[in-house]
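Data block below; observations after.
The values are calculated or read from the model by the stated rules, or taken from the named source; none is laboratory data. For clarity, every value in this text was computed on a predicted model and none was experimentally measured. Here the Cβ positions follow ideal geometry from the backbone for every residue, glycine too, while neighbour counts run over all protein chains shown. Ligands, DNA and RNA are stripped out before the accessible areas are found, and what is left, the full protein with its side chains, is counted by its heavy atoms. Shrake-Rupley method; radii C 1.70, N 1.55, O 1.52, S 1.80 Å.
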Amino acid sequence: MRIQLNGEPREIPDSWSIADLLADLKIENRYCAVERNRSVVPREQHAACSLLDGDQIEVVTLVGGG
């Protein structure tokens, strides 16, 4: 299936959740925010939130520094 990830097309398996996508990207969910179709998905729902064909996903990670 095809989704948009941060504005770029990406092919992923049909059964993936947001948690699966983050694992593939090697991003820990405690260090990011995820938006699905313009709605924020709380961290505790990442594993239960199945992705659908055409979803628009935005992942924002925290960057430290000073």
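Below, the figures for the structure above:
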{"quantity": "Given (1) outside any loop (DSSP other than H, G, I, E, B); (2) open to solvent by 70 Å² or more (accessible area, probe 1.4 Å), index of the condition VAL34 fails", "calculated": "(2)"}
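For (1) out of contact with any strand residue (DSSP E or B) (no Cβ under 8 Å at 6 or more places or on another chain); (2) in contact (Cβ under 8 Å) with a residue 60 or more places away in the chain; (3) assigned to a loop (DSSP other than H, G, I, E, B); (4) surrounded by 14 or more Cβ atoms within 10 Å (Cβ to Cβ), each residue gets a yes or a no:
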{"position": "GLN4", "(1), (2), (3), (4)": "no, no, no, yes"}
{"position": "SER15", "(1), (2), (3), (4)": "no, no, yes, no"}
{"position": "ASP20", "(1), (2), (3), (4)": "yes, no, no, yes"}
{"position": "GLU44", "(1), (2), (3), (4)": "yes, no, no, no"}
{"position": "ALA48", "(1), (2), (3), (4)": "no, no, yes, no"}
{"position": "ASP53", "(1), (2), (3), (4)": "no, no, yes, no"}
{"position": "GLU58", "(1), (2), (3), (4)": "no, no, no, yes"}
{"position": "GLY64", "(1), (2), (3), (4)": "yes, no, yes, no"}
